[in-house]
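Structure record follows, encoded as structure tokens.
The values are calculated or read from the model by the stated rules, or taken from the named source; none is laboratory data. What you see is a predicted model, and the numbers here were worked out from it, not measured in a lab. Positions of Cβ are backbone-derived with ideal geometry, glycine not excepted, and every protein chain shown enters the neighbour counts.
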Amino acid sequence: METTLNKTGKPKVARILILLAAPVVLLQSFAAQAATGVLAWIVFWGFISFGIIAIVGGIFTLRRRFWGLALAGAICASLSFVSWMIGIPAVILVATSKNEFK
């Protein structure tokens with residue numbers, strides 16, 4: 001028997017915040033690429049990974065599926081030096097709306 005989920009606007013707002021922060025994370029990776037050295041490449045690929053996970057998490061937040069991946073996307077969206085102000089509220093919104101995910 002399928003259960004009815006109590007749907008609020010939290011995942012919708014979180015999705016918007018995540019998908020706003022994800023491109024910022026990706027752009028931050030290109031700023032890190034401007035530096036030279038091995039550490040710069042590690043930071044570059046780290047931010048690329050965070051950006052991709054944030055985009056995928058934003059999509060799953062939209063679909064209200066796979067809460068863990070949606071939360072991981074919100075966390076990755078908040079790991080950038082610039083987008084943390086957008087990502088932290090997204091983490092809170094996804095975390096508090098766990099019961100709305102399948």
Problem set entry | Only listed residue being surrounded by 20 or more Cβ atoms within 10 Å (Cβ to Cβ), free of Cβ contacts under 8 Å to residues at least 40 places away in the same chain, in contact with a helix residue (DSSP H, G or I) (Cβ under 9 Å, 6 or more places away or on another chain) and closer than 14 Å to Leu26 by Cβ, chosen from Phe60, Phe50 | Phe50
For this session: Considering (1) farther than 22 Å from Thr96 by Cβ; (2) within 10 Å of the chain's Cα centre (by Cα); (3) surrounded by fewer than 18 Cβ atoms within 10 Å (Cβ to Cβ), say which one Val43 fails and leave the rest.
Result: (2)
For this session: Could you tell me which residue of the range 78-95 is surrounded by the most Cβ atoms within 10 Å (Cβ to Cβ), considering only residues that are of a type in the set (S, T, N, Q) and at pLDDT below 85?
Result: Ser83
For this session: Would you mention how many residues in the range 13-29 are surrounded by fewer than 18 Cβ atoms within 10 Å (Cβ to Cβ) and touching a residue at least 60 places away in the same chain (Cβ under 8 Å)?
Result: 2
Problem set entry | Members of the range 68-84 found to be hydrophobic (A, V, I, L, M, F, W, C) and within 12 Å of the chain's Cα centre (by Cα), listed by number | Leu69, Ala70, Leu71, Ala72, Ala74, Ile75, Cys76, Ala77, Leu79, Trp84
Exercise. Are any of the residues in the range 89-99 within 10 Å of the chain's Cα centre (by Cα) and more than 17 Å from Val13 (Cβ to Cβ)?
Worked result: no
